[in-house]
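Below: the structure, in structure tokens.
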Amino acid sequence: MGQAPKLLVQNEPLVLSYMDRNGKIAIEQVADGFGMSKGQLAQTAGLARETLYRSERSRTVKTQGRLREMLEIISRVADWAGGKEQAMAWYRAQPLPAFGGRTAEALVKEGKAAAVRDYLDHMAVGGFA
């Protein structure tokens, strides 16, 4: 079958590159970095559209956690996907056989980011889908 794709072991640099001075994920920077509107970013992360347009809501633990999960997963696949934009495309569109064909995006929206990370770790050590 060939070798499993090489995954980034350290997922922090992408997350850290979008942090502001207060340690919060900077919504505008993430949206701009992926060529999305805040509304598109909210949808991709499984958040209500208005969440990212309201400063107080965009800084909550839940919102920040969801964005961190999304960025961590994208960071893990960016190396073998060919960059962060391609990793975002994978995150949004690639069906994962181990999850009944659901995408990483769908799983994160369901609160199953840890399962996606475990799956990627499994694949990184030569596991099968």
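No value in this document is a laboratory result; all are computed from the given coordinates. All figures in this text were calculated on a predicted structure; none of them were measured in a lab. Cβ: placed from backbone, ideal geometry, glycine included. Neighbour counts: every protein chain shown.
Observations on the model:
- Of all the options ALA89, ALA106, ALA78, the one that moves most in a Gaussian network model of the chain with Cα springs shorter than 10 angstrom is ALA89.
- The alpha carbons of the chain occupy a box of 48, 28, 23 Å along the principal axes, longest dimension given first.
- For the options MET36, MET88, MET70, a Gaussian network treatment of the chain with springs between C-alpha atoms closer than 10 Å singles out MET36 as fluctuating the most.
- Close amide H contacts of THR103 (hydrogens built in the peptide plane, cut-off under 5 Å, sequence separation of 5 or more or a different chain): LEU96.
- All aspartates and glutamates inside 20 Å of LYS62 as judged from Cα atoms, apart from same-chain residues fewer than 8 positions distant: GLU12, ASP20, GLU28, GLU50, GLU72, GLU105, GLU110
- Residues listed by number, the stretch 39-73, amide nitrogen under 12 Å from ASP20 label point at 7 Å toward C-beta: 53-60
- DSSP H segments from the chain that extend 24 Å or more along their own axis, Cα-based, with Kyte-Doolittle mean of -1.0 or above: 61-81
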